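To keep things clear, I will list the structure first and then write my remarks on it.
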Amino acid sequence: MRCVEIAEFGPPEGLRLVERPTPEPAAGEVLIDVHAAGVNRPDVIQRYGKYAPPPGASDIPGLEIAGTILAVGPGVTRWQVGDAVCALVSGGGYADRCVAPAGQCLPVPRGCSMVEAAALPETFFTVWTNVFERGHLQPGQWLFLHGGSSGIGTTAIQLAAARGAHVAATAGSEEKCEACRRLGATHAWNYKTEDWVARVREVTGGRGADVVLDMVGGDYTARNLDALAVEGRLVQIAFLKSAQVTLDLSQVMRRRLWVTGSTLRPRSIEEKTALAQVIEREVWPLIESGRVGPVIDQVRPLAEAAEAHRRMEAGLHIGKIVLDARV
Ligand SMILES: NC(=O)c1ccc[n+]([C@@H]2O[C@H](COP(=O)([O-])OP(=O)(O)OC[C@H]3O[C@@H](n4cnc5c(N)ncnc54)[C@H](OP(=O)(O)O)[C@@H]3O)[C@@H](O)[C@H]2O)c1
């Protein structure tokens, strides 16, 4: 098979297109003829050598794919050769062949292309489990998030708005803020120029947000707590600035706040399978009715994975960059 490996940790030039033996599907797995693979920030962090694949996972980057099933391993009953699926994988996505646990595959939603389907699993699983399961966001409540124009952000804005929540976001330019508003955020502010704690308090009538979804950490953490309502939930999914933070615990106690977070990749196949089932039930109908969907920034050939990473690191993208494994 053709795949992109991390030949050297560091800058994007370390990504190399190589040939490797095609993997065999083990019991409970399927082999997928990959049409497209989504690019995510964790792939960039892995390329720097700072996000090792969990034990047993492929060292090839790529956490999500879409394509058709080429072979099924023993014990797989739901899928057959030729089925069109998208899948959440723990690695191996930057390739034209990839194995996936059968339970982490979902049918390509009606109306979605393979490119669009490849852009779904990583962000939709992450947003669902963090915003709705950990953050317990309810209709009528306020979600405030950073990185509104990111793959995660564009998904969170649409899903929260579609489920009846109010959404406010930050992003790094007016163009990105406008994209957030188009997707359903009633407010979007440039974090480089705006006092977003004050803005959140203003638009919520002084109350604060019910859920803050953060990927920045560092000095944002204390401000995120300031932006929360009583009983509010801070959900941490990354720490682009720093994981080491100073917290005023009296705030947490006085306003009965919750600080939580999670990371998707190391969770067990059983947990991800259960998540896939909930997402197919709760989210797939929203995608098929056109109410939510992936925002595709660019599609590039698999061989141009390094270019895709450069674009992501330069912050030029809005939504998702996808690799086409067929060219
Ligand atoms: N926990 C999990 O399971 C999980 C799963 C997937 C992804 N993630 C994390 O989620 C984040 C987003 O992933 P992605 O693939 O969607 O990546 P992405 O599109 O590259 O998004 C990164 C975002 O971070 C924003 N950002 C960077 N510095 C910021 C700052 N100082 N203040 C506010 N925003 C800032 C950027 O905003 P601007 O471009 O506007 O500056 C950009 O929108 C990544 O950190 C990734 O590691 C976590």
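The values are calculated or read from the model by the stated rules, or taken from the named source; none is laboratory data. This structure is a prediction, so every number in the text was calculated from the model and none was measured. All Cβ positions, even for glycine, are placed from backbone atoms using ideal geometry, and neighbour counts span all protein chains on display. Calculation scope for accessible area: heavy atoms of the full protein, side chains included, ligands and nucleic acids excluded. Shrake-Rupley method; radii C 1.70, N 1.55, O 1.52, S 1.80 Å.
Can you give the local net charge around Ala169? Use residues other than it whose beta-carbon is closer than 11 angstrom to its beta-carbon, Lys and Arg +1, Asp and Glu -1. Show your work: numbers first, answer last.
Numbers: positive: Lys176, Arg181, Arg199; negative: none.
So the surrounding residues net to +3.
Residue by residue, the stretch 95-111 carries 3J(HN,Hα) couplings of 7, 8, 9, 7, 8, 9, x, 4, x, 9, 9, 10, x, 4, x, 4, x Hz when phi is fed to the Karplus relation 6.51 cos²θ - 1.76 cosθ + 1.60 (θ = phi - 60°); x denotes Gly or Pro. Counting only protein heavy atoms and a probe of 1.4 Å, the accessible surface of the chain is 53% carbon and sulfur. The radius of gyration of the Cα set in the chain, together with its Dmax, comes out at 19.4, 59 angstrom.
Considering only protein heavy atoms, with the full assembly of protein chains and a 1.4 angstrom probe, order Arg20, Arg281 by accessible area, largest first.
So the residues, ranked largest to smallest area, are Arg281, Arg20.
Based on the reciprocal of the average 1/r between different C-alpha atoms, the Kirkwood radius for the stretch 206-295 equals 15.2 Å.
Taking only DSSP H segments of four or more residues, each worth -39500 (n - 2.57), what value at 222 nm results for the chain once the sum is divided by all its residues, to the nearest 500 deg cm²/dmol?
Value at 222 nm, helices only: -7500 deg cm²/dmol.
When nucleic acids and ligands are ignored and a 1.4 Å probe is applied, Met114 ends up with an accessible area of around 40 Å². Computed from the alpha carbon atoms alone, the convex hull of the stretch 171-327 holds 169 Å³ per residue.
What's the magnitude of the charge dipole for the chain around its Cα centre, counting Lys and Arg as +1 and Asp and Glu as -1 at the beta-carbon? Answer in Debye, nearest 20. Before the final figure, lay out each step's value.
On the way: 34 positive and 37 negative charges, 147 e Å.
So the dipole magnitude of the chain works out to roughly 700 debye.
Shape annotation for the stretch 1-57: C-alpha extents along the principal axes are 35, 23, 19 Å, from largest to smallest. Entry comment: accessible area of the chain is 41 Å² per residue, from protein heavy atoms only and a probe of 1.4 Å. The value obtained for the stretch 28-106, namely the Cα convex hull volume divided by the number of residues, is 75 Å³ per residue. Over all other residues within a Cβ to Cβ distance under 11 Å of Val283, the charged ones net out to 0, with Lys and Arg as +1 and Asp and Glu as -1. Compared with the dominant principal axis of the Cα atoms in the chain, helix 269-282 is inclined by about 70°.
If you average over every viewing direction, what projected area does the convex hull of the Cα atoms of the stretch 71-210 give, in nm²?
On the way: hull surface 41.2 nm².
That works out to 10.3 nm².
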